[in-house]
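Below you'll find the structure, written out as structure tokens, and then a few comments.
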Amino acid sequence: MTFEQFKREWVRYFAGDVPVDEVEKYILCHGLAWNFIWHAFSWELVPEGAYLMGAAARRAFDEQNKDSAIAIDPFEDNPKTVSLPDDLRHAAAIEELTEIYIVGKDFAWTYIKTHEGGLGPYFCTKRTDSVENYDEAARRRDVNDRRLEAAEASRKVRGRRLSLAIGIGLAVAAGVAAFFFFK
């Protein structure tokens with residue numbers, strides 16, 4: 001499962017009721033800062049009480065059946081899900097990692113250890129079943145990304161035109177100066 005597929009499924013089961021604008025802004029945006037799926041918890045987009053954090057999240061994770069659990073490291077170059085390794089079946093072992101997202105069989109629960117020392121870890125059980133907000137937020141993100149790419153391409157064309165105009169202007173000025181100098 002690719003990272004995009006994982007995020008879509010994760011939002012489906014744990015944040016399917018979060019408004020589209022908030023999914024776009026806090027979970028999918030690539031703007032000035034990269035956003036992470038766990039921002040559903042840190043920005044309290046998921047109702048307080050619907051998830052656990054800190055020591056309570058660690059205890060809940062340790063109590064889960066981890067057969068068929070999968071994990072993904074969002075900081076890999078090309079993140080893909082893998083079966084949860086045996087050495088990462090306890091919260092204490094995960095604390096050494098930078099960041100990891102784990103889900104139980106059929107996305108029944110999730111455990112996320114964040115790279116932010118003061119945020120998380122988070123644990124949540126399946127609470128929603130909708131991808132409409134994710135799909136719309138992803139569509140908006142893609143439209144915005146294409147708009148930004150077009151604006152950047154346009155800026156580069158304007159820059160090349162300006163460089164060319166300056167070059168022509170300098171050449172003409174040098175020609176005029178040479179004409180008067182050698183006259």
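Only the coordinates and a few stated rules stand behind these numbers; no lab work does. Predicted model only: the values in this text are computed from it and were never measured. Heads up, the Cβs are rebuilt from the backbone with ideal geometry, glycines too, and the neighbour counts pull from every protein chain shown.
Going from the fewest other Cβ atoms within 10 Å to the most, the residues LYS80, LYS156, LYS113 appear in the order LYS156, LYS80, LYS113. Between ASP135, ASP145, ASP87, where does the largest GNM mean-square fluctuation fall for the chain, given springs only between Cα atoms within less than 10 Å? Comparing ASP135, ASP145, ASP87 in a Gaussian network model of the chain, the most mobile one is ASP87. Computed over neighbours whose Cβ is under 11 Å from that of LYS80, the net charge equals -4, Lys and Arg +1, Asp and Glu -1.
What are the membrane-span-like helices in the chain by this rule: whole DSSP H runs, Cα extent along the axis at least 27 Å, mean Kyte-Doolittle hydropathy at least 0.5? Sorted by number, there is nothing, because no helix extends far enough and scores high enough.
Calculated translational diffusion coefficient of the chain (4 °C, 1.567 mPa s; Stokes-Einstein with Kirkwood radius over alpha-carbon pairs) equals 68 µm²/s.
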